Amino acid sequence: MMMTIMTLKSPNMNEPRSPSDASSDLVDIRTFEGASDLQLIHGYGGNSFRISGERYSGAVIVYPRQTTIWTPPAKPETLKIDDLLPHFGDGFPPLFILGVGGAPMDPMNDLSAALRNHGIALEVMSTAAACRTWNVLMSEGRDAVTGLYDVA
């Protein structure tokens, strides 16, 4: 499986892409072979995500083979386990990646402990880092779910 990630580049790959370019995406995945059924994050920014060829406005929860719109609390630090458990259905993922927009300011220890009681490890990071991490985890065949707050 091959994955190449291009960050803040113009189509000719030698010139930096300026924020005023037509595309508001901050990350473009140029090539990914061998995983056509996986939900891969191809771009984010402008309060939306481009995932496996579809554009989603607002926050999303991404599963290995499905993406759903998510309406989390406005402030990530107020997120509770009851906001997440309905999205896991009958099976809990071993890992939940939470992209909180910008850099996380709160380690979310209470949420982490509550998820750990269900056998779920929590990783909190910026949405940008969560998008990159998600694609790497999918390329490795890992079982995980990610919740992503949108970024402007």
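The values are calculated or read from the model by the stated rules, or taken from the named source; none is laboratory data. Worth saying up front: this structure is predicted, and the values here are computed from it rather than measured. Don't worry about glycine lacking a Cβ; one is built from the backbone with ideal geometry, like all the others, and counts go over all protein chains shown.
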Practice task
Only residues that are buried (at least 19 other Cβ atoms within 10 Å of the Cβ) and closer than 14 Å to GLY147 by Cα: list them for the range 39-55, please.
Solution key: GLN39, LEU40, ILE41, TYR44, PHE49, ILE51
Exercise for the section: Count, please, the residues in the range 73-101 that happen to be surrounded by fewer than 20 Cβ atoms within 10 Å (Cβ to Cβ), over 24 Å from SER139 (Cβ atoms) and in contact with a helix residue (DSSP H, G or I) (Cβ under 8 Å, 6 or more places away or on another chain). Expected result: 4
Practice task
Would you be able to say whether some residue in the range 7-28 is modelled with pLDDT of 95 or more, of a type outside the set (D, E, K, R) and exposed (fewer than 13 other Cβ atoms within 10 Å of the Cβ)?
Solution key: no
Problem - Evaluation of ASP106 against (1) assigned to a loop (DSSP other than H, G, I, E, B); (2) modelled with pLDDT of 95 or more; (3) charged (D, E, K, R) (one fails), failing number - result: (2)
Exercise for the section: Only residues that are surrounded by fewer than 16 Cβ atoms within 10 Å (Cβ to Cβ) and part of a helix (DSSP H, G or I): list them for the range 117-152, please. Expected result: VAL136
